[in-house]
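Shown next, in structure tokens, is the structure this report addresses.
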Amino acid sequence: MTDLQCPATAVLLDDAAPAPPWTARLRVAERFTARGAGELTSLVEDSADLFRGETFVVAAPADDIAEALRRRGVGGRAPVVVEVDSAGWRAVPAP
């Protein structure tokens, strides 16, 4: 079934690295921090429900981000932009 709502956009950033310059252009609804791939995954999925059609940022350790992406079948590593909806997670190009 197709998701009738706009996906949320999650920007996952390595908390040990400076944010890339393109993040300054984003209109961000909320910023979070997470520790552990499980916490990160839950935070992204819960926040995606709250921020449909909006962008939120999560800073976490790079290894936790890589593991969360792997668990959701998404390749890549931080920094990464992910659209999240009922169909799952999809990596998209950074703005």
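The values are calculated or read from the model by the stated rules, or taken from the named source; none is laboratory data. A quick note: this is a predicted structure, and the numbers were derived from the prediction, not measured. Please note: Cβ atoms are built from the backbone with ideal geometry, for glycine as well, and neighbour counts cover all protein chains shown. Keep in mind that these areas ignore ligands, DNA and RNA; they rest on the heavy atoms of the full protein, side chains included. Shrake-Rupley method; radii C 1.70, N 1.55, O 1.52, S 1.80 Å.
Would you mind working out the magnitude of the charge dipole of the chain relative to its Cα centre, with +1 at each Lys and Arg C-beta and -1 at each Asp and Glu C-beta, to the nearest 20 Debye? Working shown, then result.
Numbers: 10 positive and 14 negative charges, 58 e Å.
Approximately 280 debye in magnitude.
Give the long-range amide H neighbours of ASP15: residues separated by 5 or more places, or on another chain, with amide H under 5 Å away, using H modelled in the peptide plane at 1.01 Å from N.
ALA60, ALA62
How much area per residue is accessible in the chain when the probe is 1.4 Å and only protein heavy atoms are counted (Å²)?
Numbers: 5450 Å² over 95 residues.
The answer is 57 Å² per residue.
Hand me the trypsin sites (Lys or Arg not before Pro) from the range 1-56 located in a DSSP loop with no more than 15 other Cβ atoms within 10 Å, in residue order please. Kindly include the intermediate steps, with their values, before the conclusion.
On the way: sites: ARG25, ARG27, ARG31, ARG35, ARG52; in loops: ARG27, ARG35, ARG52.
Answer by residue number: ARG27, ARG35, ARG52.
Sorting THR33, THR9 by accessible area (1.4 Å probe), largest first, what list results? Mind showing how you got there, number by number?
On the way: THR33 105, THR9 30 Å².
Reading off the accessible areas and sorting them downward yields THR33, THR9.
For the chain, what is the relative contact order in percent, using Cα pairs closer than 8 Å and at least 6 residues apart in sequence? Don't jump to the answer; show the numbers that get you there.
On the way: 179 pairs, mean separation 38.6, N = 95.
Relative contact order comes out at 41 percent.
Which percentage, to the nearest 5, of the DSSP beta bridges contained in the chain is antiparallel? Walk me through the intermediate numbers first.
On the way: 10 of 21 bridges.
If I count the DSSP bridges inside the chain, around 50 percent turn out antiparallel.
Among ALA87, LEU50, GLY36, pick out the residue whose Cα is farthest towards the positive end of the charge dipole of the chain, where Lys and Arg carry +1 and Asp and Glu carry -1 on C-beta, about the Cα centre.
ALA87
Taking all protein chains as present, what is the carbon and sulfur share of the accessible area of the range 26-95, in % to the nearest whole number, probe 1.4 Å?
Working: 1730 of 3750 Å².
Its accessible area is 46 percent carbon and sulfur atoms.
Between ALA62 and VAL92, what is the label-to-label distance in nm when each label sits 7 Å out along the Cα-to-Cβ direction?
In this crude spin-label approximation the distance works out to 2.6 nm.
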